[in-house]
Amino acid sequence: MTQMTVKCEIKDISLAEQGKKNIEWAFKDMPVLTRIMERFKKEQPFKGLRLTACVHVTKETAALCVAMQAGGADAVLAASNPLSTQDDVAAALVKYWNMPVYAIAGEDSDTYHRHVQMALDHKPHLIIDDGCDLVATVHKERQDLLENIIGSTEETTTGIIRLEAMEKQGRLKFPALGVNSSLTKHLYDNRYGTGQSVMDGFLRAANILLAGKTFVTCGYGWCGRGVATRARGMGANVIVTEVDPLKALEAAMDGFRVMPIARAAREGDIFLTVTGDKNVIDVEHIMNMKDGAFLANSGHFDVEVNVNGLRKHVVEYKNVRPNFDEWKLDNGKSVYVLAEGRLSNLVCAEGHPASVMDMSFANQALGIEFILKNKGKLENKLYTLPKSVDEEIARIKLDSMGIEIDTLTDEQQEYLNSWTSGT
């Protein structure tokens, strides 16, 4: 662990040069965020304000933090997951951008929670969250900070579920914006980003052929849709498990087999959870799986596969490859567990490609600006960015891809806005 003049806790400052190269590489494939950053540099919307971010410390999230800093924010960063940190990126932010960072790949849970507290010691006016740990900690343990906080943004489905619960119970004490609700976030990040990065993580960790295997996707939200589609594209026979009848029906209409997890447990070779809930794959399911089944999760927290409950049935742990372990069970079978049940696409690989996160983090940057511009006007509720912002992000992205689209004529616009015209 390295400690420096810039207050931080990182693994090794000597990794900074490679981290800088990776952040610069990410920016090259993030034209929307880059355009927003250029405006922020001129306008300085966050000058004099303290920003605390709790996100996966990757080259892409580093680009977001750099963009916010360029807009005048006094930014601090902590990891939103103990295993997802890219140590070279953390070092680069400290050395080249003088940004306090509290993140070490592989840190234990106590260190993780201490880092969250250290990031909150920054006394933020604005919060960027991924999983709602910052916001939840403020409300549970650091209520002294509430008077300074203007609002927060939330990146992921899991965090939005927590914010919705807080709002419903009347516990949310400042406005929050659910970035994951924006179309240019969940339609692309969750479907294309998760779909690709899950496959990337699984293949890096296990390096097995997917073709011909039975791949069980637990959850058919946008992440599940992406995972199931990519698995089928690589030749796997895909089963979907769901609790939502509408999503289950959609999965069936998309050509996937749909069944309860208890049945799927007996048929599957590879299992992947993307639900945002806990114990989706429980101990009884795992004990009924084939010998040599693979278990992975890409939901935010490590509770979707009940690995902690399974431990009482483990007679031997064996590390096979990085982030890939064999757990021998007391029923004579073995299961292969990726990333200890944590986010496999970020632990076993590098998360989503920069071109996808470009739109997600454009939403984050504009979301923080929206919260600030509407200071004093918003209730203590969960909001979504206006559709016009979503559309502008999409337009910039299309332009960067060299894609042109049509524009409505005045006649067409009038027709769409009229109720009197018909056949």
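The values are calculated or read from the model by the stated rules, or taken from the named source; none is laboratory data. Nothing here was measured: the structure is a model prediction, and the numbers come from that model. Neighbour counts run over all protein chains shown; Cβ positions are idealised from the backbone, glycine included. Please note that ligands, DNA and RNA were not included when accessible areas were found on the heavy atoms of the full protein model with its side chains. Shrake-Rupley method; radii C 1.70, N 1.55, O 1.52, S 1.80 Å.
Things to note:
- None of F370, F361 is under 21 Å from Q86 (Cβ atoms) and aromatic (F, W, Y) except F361.
- Checking G151, G170, G106 one by one, the residue that is small (G, A, S) and closer than 19 Å to A79 by Cβ is G106 and no other.
- Test result for L120, of a type in the set (A, V, I, L, M) and out of contact with any Phe, Trp or Tyr (no Cβ under 9 Å at 6 or more places or on another chain): yes
- Applying the condition of being buried (at least 23 other Cβ atoms within 10 Å of the Cβ) and touching a residue at least 40 places away in the same chain (Cβ under 8 Å) to region 189-203 and asking which residue is nearest to I160 (Cα to Cα) yields D189.
- Residue satisfying all of: in region 275-290; within 16 Å of Y336 (Cβ to Cβ) and out of contact with any helix residue (DSSP H, G or I) (no Cβ under 6 Å at 6 or more places or on another chain); surrounded by the most Cβ atoms within 10 Å (Cβ to Cβ) among these: I281
- Pair list, Cβ < 8 Å and 6+ apart or interchain, from region 401-416 residues that are open to solvent by less than 100 Å² (accessible area, probe 1.4 Å) to residues that are hydrophobic (A, V, I, L, M, F, W, C): L408/L416
- Hits in region 74-97 (condition: closer than 16 Å to D130 by Cα and in contact with a strand residue (DSSP E or B) (Cβ under 8 Å, 6 or more places away or on another chain)): A75, V76, L77, A78, A79, S80, N81, L83, S84, T85
- Selection within region 159-201 - of a type in the set (F, W, Y) and at pLDDT below 95: Y188, Y192
- Considering region 36-61, and only residues there that are without any contact (Cβ under 8 Å) to a residue 40 or more places away in the chain and of a type outside the set (D, E, K, R), the residue that is surrounded by the fewest Cβ atoms within 10 Å (Cβ to Cβ) turns out to be G48.
- Qualifying residue in region 345-365 (condition: closer than 25 Å to E267 by Cβ and either of a type in the set (G, A, S) or modelled with pLDDT of 95 or more (or both)): no
- D390 being open to solvent by 70 Å² or more (accessible area, probe 1.4 Å) and of a type outside the set (A, V, I, L, M, F, W, C): no
- Unique match (being modelled with pLDDT of 95 or more and of a type in the set (D, E)) among D108, D88, D130: D88
- Among the residues examined, G268 qualifies as at pLDDT 95 or above, surrounded by 13 or more Cβ atoms within 10 Å (Cβ to Cβ) and either under 16 Å from C348 (Cβ atoms) or touching a Lys or Arg at 6+ places or on another chain (Cβ under 9 Å) (or both).
- Residue count for region 166-177, restricted to those that are over 26 Å from M118 (Cβ atoms) and either assigned to a loop (DSSP other than H, G, I, E, B) or not charged (D, E, K, R) (or both): 2
- Boolean, L126 is touching a residue at least 40 places away in the same chain (Cβ under 8 Å), within 25 Å of K375 (Cα to Cα) and open to solvent by 10 Å² or more (accessible area, probe 1.4 Å): no
- Residue count, region 291-333 (criterion: hydrophobic (A, V, I, L, M, F, W, C), assigned to a strand (DSSP E or B), closer than 24 Å to K213 by Cα and open to solvent by less than 30 Å² (accessible area, probe 1.4 Å)): 8
- Set G159, G233, G193: member being touching an Asp or Glu at 6+ places or on another chain (Cβ under 9 Å), of a type outside the set (S, T, Y) and closer than 24 Å to G351 by Cα: G159
- Boolean, E379 is open to solvent by 50 Å² or more (accessible area, probe 1.4 Å), over 22 Å from A73 (Cα atoms) and modelled with pLDDT of 95 or more: yes
- Among the residues making up region 371-397, those that are in a helix (DSSP H, G or I) and under 21 Å from the mean Cα position of the chain (by Cα) are I371, V389, D390, I393, A394, K397.
- N207 in contact (Cβ under 8 Å) with a residue 24 or more places away in the chain, on the phi > 0 side of the Ramachandran plot and open to solvent by 50 Å² or more (accessible area, probe 1.4 Å): yes
- Matching residues in region 210-229 - criterion: being among the hydrophobic types (A, V, I, L, M, F, W, C) and either open to solvent by less than 10 Å² (accessible area, probe 1.4 Å) or over 17 Å from the mean Cα position of the chain (by Cα) (or both): L210, A211, F215, V216, C218, V227, A228
- Residues of region 341-370 that turn out to be over 19 Å from T194 (Cβ atoms) and either open to solvent by 10 Å² or more (accessible area, probe 1.4 Å) or part of a loop (DSSP other than H, G, I, E, B) (or both), as a count: 3
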